[in-house]
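> Pasting a structure here, questions to come.
The values are calculated or read from the model by the stated rules, or taken from the named source; none is laboratory data. Note that the structure is a prediction, hence the values are computed from the model and not measured. Counting neighbours? That spans all protein chains shown, and the Cβs are built from the backbone with ideal geometry, glycine included. Heads up: the accessible areas ignore ligands, DNA and RNA and are worked out on the full protein's heavy atoms, side chains in. Shrake-Rupley method; radii C 1.70, N 1.55, O 1.52, S 1.80 Å.
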Amino acid sequence: AVELLLFLDNFPNENSWELWGPCGLVDSVGSYGLAQRDSRVQVTFRLDVGHTYNFTLLDSFGDGLCCPPGRVVLSFTQDGESTTLLRVADNFGREAFTEFTLPGTPAPLDCSA
């Protein structure tokens with residue numbers, strides 16, 4: 001599984017993210033509400049092994065997860081072993097991006113679903 005841990009700052013309405021896979025958009029959040037300031041968000045994705053994915057974290061103001069400092073960790077866990085795919089803290093500017101391929105033999109994809 002791939003897990004996103006996002007620790008929001010005082011301005012969660014500035015933060016959004018997108019996860020893209022071989023069949024298009026997997027999941028996204030346009031922005032968080034102000035009621036979620038300084039909160040922790042956890043999302044787990046069930047993704048297909050052997051395929052490549054792109055994750056982008058955006059900040060519309062351009063100061064990343066500052067004030068107070070927030071952070072994001074994107075990790076992959078398989079057979080009890082965890083691998084960090086992206087770790088970003090504080091001021092990353094407008095965008096933090098990573099492309100990753102999950103280890104394993106890819107199964108045929110059905111992108112029509």
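> Across segment 57-75, what is the total count of residues that are open to solvent by less than 20 Å² (accessible area, probe 1.4 Å) and at pLDDT 90 or above?
Taking segment 57-75 as the starting set, the residues that turn out to be open to solvent by less than 20 Å² (accessible area, probe 1.4 Å) are 57, 59, 64-65, 70, 72, 74-75.
Now drop any that are not at pLDDT 90 or above, which leaves 57, 59, 74-75.
Counting residues in segment 57-75 that are open to solvent by less than 20 Å² (accessible area, probe 1.4 Å) and at pLDDT 90 or above gives 4.
> A follow-up question, please. Taking the residues in segment 16-26 that are open to solvent by 60 Å² or more (accessible area, probe 1.4 Å) and touching a Leu at 6+ places or on another chain (Cβ under 8 Å) as candidates, determine which candidate is farthest from Asp90 (Cα to Cα). Before you say what the answer is, go through the steps one by one.
Filtering segment 16-26 down to residues open to solvent by 60 Å² or more (accessible area, probe 1.4 Å) leaves 18, 20, 22-23, 25-26.
Applying the additional criterion that residues be touching a Leu at 6+ places or on another chain (Cβ under 8 Å) yields 18, 22-23, 25-26.
Working: Glu18: 19, Pro22: 30, Cys23: 32, Leu25: 26, Val26: 26 Å.
Filtering segment 16-26 for residues that are open to solvent by 60 Å² or more (accessible area, probe 1.4 Å) and touching a Leu at 6+ places or on another chain (Cβ under 8 Å), the one farthest from Asp90 (Cα to Cα) comes out as Cys23.
> Please determine, by comparing only the residues of segment 1-15 that are open to solvent by less than 50 Å² (accessible area, probe 1.4 Å), in contact with a Phe, Trp or Tyr (Cβ under 8 Å, 6 or more places away or on another chain) and part of a strand (DSSP E or B), which one is nearest to Val88 (Cα to Cα).
Only one residue fits best here, namely Leu6.
> Also: Does Asp48 satisfy the condition of being more than 29 Å from Thr105 (Cβ to Cβ) and touching a residue at least 24 places away in the same chain (Cβ under 8 Å)? Let's see the steps before the verdict.
On the way: more than 29 Å from Thr105 (Cβ to Cβ): no; touching a residue at least 24 places away in the same chain (Cβ under 8 Å): yes.
Judged against the criteria, Asp48 is not a match.
> Looking only at residues in segment 93-108 that are under 14 Å from the mean Cα position of the chain (by Cα) and over 22 Å from Val49 (Cβ atoms), which one is most open to solvent (accessible area, probe 1.4 Å)?
Result: Glu95.
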